[in-house]
Amino acid sequence: MWQKIKNYYHFFQALFFVIYFKFPAKNIKVIGITGTDGKSTTAAMVYEILKAAGKRVALVSSIGAKINGKSYETGYHVTTPSPYAVQKFLKLAKEAKCDYFVLEATSHSLDQNRLAFIKFTVAAVTNVAEEHLDYHKTWQNYLSAKAKLFRKVQFSILNIEDKSFGYIKKTASGKILTYGLSRSADFNPYNFPAKLKIIGSFNLENALASAAVATALGINKKTILNAISKFEGITGRMQKVKNSAGIDVFIDFAHTPNALFNALGTLKPMAQRRKSKLIVVFGSAGERDRAKRPKMGKIAASFASKIILTAEDPRSESIQGICDQIVSGISSDKKVNKDYFIILDRKEAINFALKIAKKGDVVAIFGKGHEKTMTFNKKDLPWDEFKATKEALSRLN
């Protein structure tokens, strides 16, 4: 009941602010990107393609907002902002004479009506894995919230290989364009041979999704491929930290089982080729989906040589308790590696991971990425994953 009241509140908020800002999206083509993982990267790729095509474009994602090249903060732990902030950014985009507005759309924002009264031209989905079940209760409810984005759009961009494909295809409107790694997709590596600077087959899927979006908007193939080939990624997404210790250190935002599986599946062969270790640092957010914790433990154990469990926005929960739930997944399979450590302080966990790493090893630090705070109880304390990692590397030198 309380959630329904909250949804009505957001609905009327959206109505008020769309009138207050005088329908700012009226003459702008709005592109919505949804999915469990890969939204920010795909949205950023679309933004860069449109810029390369000479278009005036705005972007709002978990990284922040960009309006025709100018950056704005969106707040801590925010992917899709409030109705007020979304309409304000649309107003700024209108004033900057932007033709396009790329918006990362979460299941929460769609379910809560925060994006009501925004007419989307194109909607795209990356994937829909199990996540946010603390809020949505079931995967079907989660999928249904995502599918709301595809109502009354001109183009629906769908991942043909994702389990969400069948349901969204039935409910989607407009022309459907598919993408994927197989030849059966409209956009695939064979007819859209994208050469990427960023690693991971999941990023190739993100690139194909962005290519489908851009094609729907009338951008030519040559411009799309050229922009994708120059794309260097975004902050905190499989980002390599340079160092002189000979260790490959990656920082990534992966905080879901699906994202962790994809990231580790990319990094494991790298370690195997040089016969070195893959050392993983991660945790799980407090007061969020508890069911994913053992799953993430099991995934990490199946790939990593050593696992260091630590804090990741514990909020009011015990860090030790969260880590113990992750350990239950590590211990559930007798066939997988159980070489794990629990270090509650995240800075110390990173120090330890780099201290035990040797030249040639791969160290992956997951869960925080671009974020600049860590939440304890209700306080957001300053945190910088890159700073903590670089300080730890400097001690090695």
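The values are calculated or read from the model by the stated rules, or taken from the named source; none is laboratory data. Source: prediction; values computed, not measured. Ideal geometry is used to build each Cβ from the backbone, glycine not excepted, and the neighbour counts take in all protein chains shown.
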Fill in: Pairs with Cβ under 8 Å, 6+ apart, first in segment 179-195 and assigned by TED's automatic domain parsing to the domain that holds Lys169, second part of a loop (DSSP other than H, G, I, E, B) and of a type in the set (Ser, Thr, Tyr)
Arg183/Tyr190; Asn188/Ser182
Practice prompt. Give Thr171, Thr223 a once-over and let me know the one that is at pLDDT below 95, over 17 Å from the mean Cα position of the chain (by Cα) and over 30 Å from Ile356 (Cβ atoms).
Written response: Thr171
Item to complete: Scan segment 179-199 and give yes if some residue there is surrounded by fewer than 23 Cβ atoms within 10 Å (Cβ to Cβ), in a helix (DSSP H, G or I) and at negative phi, otherwise no.
Response: no
Practice prompt. May I ask you to say which residue of Ser82, Ser156, Ser71, Ser61 is touching a helix residue (DSSP H, G or I) at 6+ places or on another chain (Cβ under 8 Å) and over 22 Å from Leu217 (Cβ atoms)?
Written response: Ser82
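Of the residues Asn262, Asn226, Asn258, Asn243, only one is in the same structural domain as Asn127 (by TED's automatic domain parsing) and of a type in the set (S, T, N, Q); which?
Asn226
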Discussion item. Looking at segment 87-94, can you tell me whether even one residue there is at pLDDT 95 or above, at positive phi and surrounded by fewer than 19 Cβ atoms within 10 Å (Cβ to Cβ)?
Written reply: no
Fill in: Test result for Lys358, surrounded by fewer than 21 Cβ atoms within 10 Å (Cβ to Cβ) and either under 30 Å from Thr138 (Cβ atoms) or modelled with pLDDT of 95 or more (or both)
yes
Discussion item. Can you confirm whether Asn191 is modelled with pLDDT of 95 or more and within 16 Å of Gly35 (Cα to Cα)?
Written reply: no
Discussion item. Which numbered condition in (1) crowded, with 24+ Cβ neighbours inside 10 Å; (2) among the β-branched types (Val, Ile, Thr); (3) under 15 Å from the mean Cα position of the chain (by Cα) is the only one that Ile31 fails?
Written reply: (3)
Practice prompt. Inspect segment 120-130 for any residue being touching a Pro at 6+ places or on another chain (Cβ under 8 Å), assigned to a loop (DSSP other than H, G, I, E, B) and at pLDDT below 95 and give the result as yes or no.
Written response: yes
Worksheet item: When the residues of segment 96-140 are filtered to those that are over 12 Å from Ile28 (Cα atoms) and charged (D, E, K, R), which remaining residue is surrounded by the fewest Cβ atoms within 10 Å (Cβ to Cβ)?
Response: Lys137
Discussion item. Here are the criteria: (1) assigned to a helix (DSSP H, G or I); (2) over 13 Å from Thr41 (Cβ atoms). Tell me which single one Asn203 does not satisfy.
Written reply: (2)
Worksheet item: Of all the residues that make up segment 240-259, how many are touching a residue at least 60 places away in the same chain (Cβ under 8 Å), farther than 17 Å from Ser61 by Cα and not β-branched (Val, Ile, Thr)?
Response: 9
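Only one residue in Gly69, Gly64 is at pLDDT below 90 and not charged (D, E, K, R). Which one?
Testing whether each residue is at pLDDT below 90 and not charged (D, E, K, R) leaves just Gly69.
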Worksheet item: Right, Phe253: outside the structural domain of Ser173 (by TED's automatic domain parsing) and over 14 Å from the mean Cα position of the chain (by Cα) or not?
Response: no
